[in-house]
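Single-structure report; data block below.
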Amino acid sequence: MNERVHIWSNGTEFMIWEENNCSRCVKAPTANWGGACDLNDAIAVACIDDGTFAPEVATRLGYAGEPRFWCKEFQGRGKPEPKPAAREMADAGMPMLPGLEP
């Protein structure tokens, strides 16, 4: 039997994952349900169980021995809206730090 994998060490890591992936993915469940992502289903089961995943599922989620924050099967809905601070900086003509562009 394969050992199960614990991907996220805390709720903050999971929150980052969810914001970068599931909340912006076209396959995610909607308010009327109807999601088409078995990975999202596996995450839901892990959340109510012991927080672990089968190694095959962890690999599909992008796990490679340490947390990754990008799902291999992500299908985006488009570029996310910039955060309020990023909009204020852009409106003021101020450059953003590298990697923090809106």
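Every number in this text was worked out from the coordinates using simple rules, so none of it is lab data. None of the values given here were measured: they were computed from a predicted structure. Every residue, glycine among them, receives a Cβ derived from its backbone with ideal geometry; neighbour counts consider all protein chains shown.
Lys and Arg at +1, Asp and Glu at -1: add these up for the other residues within a Cβ distance under 12 Å of Gly51 and post the number. Combined, the nearby Lys, Arg, Asp and Glu give -2.
Fully extended, how many nm does the chain gain between Met94 and Glu19 (0.36 nm per residue separation, minus their Cα-Cα distance)?
Result for the pair: 24.4 nm of gain on full extension.
Note on Arg60 and Cys47: the extension gain reaches 3.0 nm, defined as 0.36 nm multiplied by sequence separation minus the Cα-Cα distance. Annotation for Ala86 and His6: the two label points, set 7 Å from Cα along the Cα-Cβ direction, are 3.2 nm apart. Near the amide H of Phe53, within less than 5 Å, lie the amide hydrogens of Val5, His6, Ile7, all on another chain or at least 5 residues away, with H placed in the peptide plane.
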